[in-house]
Amino acid sequence: MVSKELKLLTEKEFIGRNVSIGEGVVITNAHGEKCSEIIVGDNVYIGDFVRILAPAVYIGDYTVIHQRTTIYGYSPIRIGHCSWIGQDAIINCTGPVWIGEGVTIGAKTTLWTHLSGGDILQGFRLGKVKASLIGDDTWIAPAVTISPVKIGKKCCVLAGSVVTKDLEENSIYAGVPAVDVKEKLGGIPYQELNLDEKFAIIRDKLIEFDRNFKDRGGEFSSFPTTSDWRSIYLGNAGSAHSFTIPTGEDEFLLGSIVITKGACEERNGFSVFSVKDRLYTKRLSIEEIAFMRFLLPAVKFFPLKDINKKHVAEVFRSLLPEFGAKLD
């Protein structure tokens, strides 16, 4: 659903399916003119009175940008799949901004890519423009101020912090200026899980989802065909029966959703979620979309086939050669 009040000025646009854009949203460049390109993925939500004023904008699937957020500047910005930006956030993109997959940015947080305000004719020497990169799975709490820095994957930045330097991955930062406090809080925020543990979590999530999912009316697709056989659930979890299903990997199936420990691969008629790859085969079925929304924000999967990934990476690799493979 796209509001009639949307102001969208762009030379090239790709707006995905099931995108919701609220009232009073403005998407232009910083001068109120056409941006060169905007790509918005599937199942994206952009709340009321969001302003995105940038030359090029790339937003991944299932990303949420809440009301009154302002994104503005003179360089491209990319926001990855399954990310979440709270209301009244400010993201400056005077320099390029790369926000990874599954990132959370709390309400009223501000991110800056420039230092300016002094008059260079009067000798001001501190002005600079610098890119910002936020790694995958980083959680930034509300009311954080972020200077032009690189934040590693799986970081946590606690509320009210002021970030003035690059942050190491899988650490917890707090304070003014923000310092590493993970040892005070019991260690690293993300601990490794093995495939069996991940599989058990998602299997239980799928069963919980299935019991609450009414749209399919108890109807299930036929199962796939491969060379091996094992026992698996087929049917509504509330009255599940153990069936023999052909499969080459440890799997769990309910409805048209398959959870596997193996590599993510296309399978006709099914949405396959791999805990090994953290990928899923996007079909955009009603059941798949409902399951993804059920999992978010606690669990995030990313599409096996991302038609825009290569193009967006190339755009930013030319702007940010120092980040190299981090943009893949």
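Any residue in region 113-127 that's under 23 Å from ILE99 (Cα atoms): show its pairings with residues that are hydrophobic (A, V, I, L, M, F, W, C) and assigned to a loop (DSSP other than H, G, I, E, B) at Cβ separation under 9 Å, as long as the two are six or more apart or on different chains. As it stands, the answer is THR113/CYS93; THR113/ALA131; LEU115/LEU126; SER116/PHE124; SER116/LEU126, since those pairs meet every condition given.
For the residues THR94, THR113, the requirement of being surrounded by fewer than 23 Cβ atoms within 10 Å (Cβ to Cβ) and either of a type in the set (Ser, Thr, Tyr) or within 15 Å of the chain's Cα centre (by Cα) (or both) singles out THR94.
How many residues does region 279-300 hold that are outside any helix (DSSP H, G or I) and open to solvent by 10 Å² or more (accessible area, probe 1.4 Å)? It would help to see each step written out before you state the result.
Narrowing region 279-300 to residues outside any helix (DSSP H, G or I): 279-285, 296-300.
Then keep just the ones that are open to solvent by 10 Å² or more (accessible area, probe 1.4 Å); that gives 279, 282-285, 296-300.
Result for region 279-300: 10.
Looking only at residues in region 16-37 that are open to solvent by 20 Å² or more (accessible area, probe 1.4 Å) and within 20 Å of the chain's Cα centre (by Cα), the one that is nearest to ILE91 (Cα to Cα) is GLU37.
Of all the residues in region 255-274, those that are outside any loop (DSSP other than H, G, I, E, B) and touching a strand residue (DSSP E or B) at 6+ places or on another chain (Cβ under 6 Å) number 9.
Residues are listed down the side, and each one gets a yes or a no for (1) buried (at least 19 other Cβ atoms within 10 Å of the Cβ); (2) within 20 Å of THR113 (Cβ to Cβ); (3) modelled with pLDDT of 95 or more:
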position	(1), (2), (3)
GLY127	no, yes, no
ALA143	no, yes, yes
ILE146	yes, yes, yes
ILE151	yes, yes, yes
GLU169	no, no, yes
ILE172	yes, no, yes
LYS182	no, no, yes
TYR190	no, no, yes
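Go through region 38-49 residue by residue and tally those that are part of a loop (DSSP other than H, G, I, E, B) and either surrounded by fewer than 24 Cβ atoms within 10 Å (Cβ to Cβ) or at positive phi (or both).
At the first step, the residues of region 38-49 found to be part of a loop (DSSP other than H, G, I, E, B) are 41-44, 47-49.
Subsequent filtering for residues that are either surrounded by fewer than 24 Cβ atoms within 10 Å (Cβ to Cβ) or at positive phi (or both) retains 42-44, 47-49.
Selection size over region 38-49: 6.
Kindly provide the set of residues from region 4-30 that are out of contact with any Cys (no Cβ under 8 Å at 6 or more places or on another chain), in a loop (DSSP other than H, G, I, E, B), in contact (Cβ under 8 Å) with a residue 12 or more places away in the chain and over 27 Å from PHE302 (Cα atoms), ordered by number. Matches in region 4-30: GLU5, LEU6, GLU23, GLY24, ALA30. Scanning region 67-91 for residues that are open to solvent by 40 Å² or more (accessible area, probe 1.4 Å) and touching a residue at least 40 places away in the same chain (Cβ under 8 Å) returns GLN67, TYR72, TYR74, TRP84, GLN87.
Yes/no per residue for (1) in contact with an Asp or Glu (Cβ under 9 Å, 6 or more places away or on another chain); (2) part of a loop (DSSP other than H, G, I, E, B); (3) of a type in the set (S, T, N, Q):
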{"position": "HIS81", "(1), (2), (3)": "yes, yes, no"}
{"position": "ILE91", "(1), (2), (3)": "no, no, no"}
{"position": "TRP98", "(1), (2), (3)": "no, no, no"}
{"position": "GLY102", "(1), (2), (3)": "yes, yes, no"}
{"position": "ALA107", "(1), (2), (3)": "yes, yes, no"}
{"position": "GLY118", "(1), (2), (3)": "no, yes, no"}
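Does region 8-15 contain at least one residue that is of a type in the set (D, E, K, R), modelled with pLDDT of 95 or more and open to solvent by 10 Å² or more (accessible area, probe 1.4 Å)? No, region 8-15 contains no residue that is of a type in the set (D, E, K, R), modelled with pLDDT of 95 or more and open to solvent by 10 Å² or more (accessible area, probe 1.4 Å).
The values are calculated or read from the model by the stated rules, or taken from the named source; none is laboratory data. The shown structure was predicted, so the numbers you read here are calculated from the model rather than taken from an experiment. Here Cβ is always computed from backbone atoms with ideal geometry, including for glycine, and neighbour counts include all displayed protein chains. These accessible areas exclude ligands, DNA and RNA; they are computed on the full protein's heavy atoms, side chains included. Shrake-Rupley method; radii C 1.70, N 1.55, O 1.52, S 1.80 Å.
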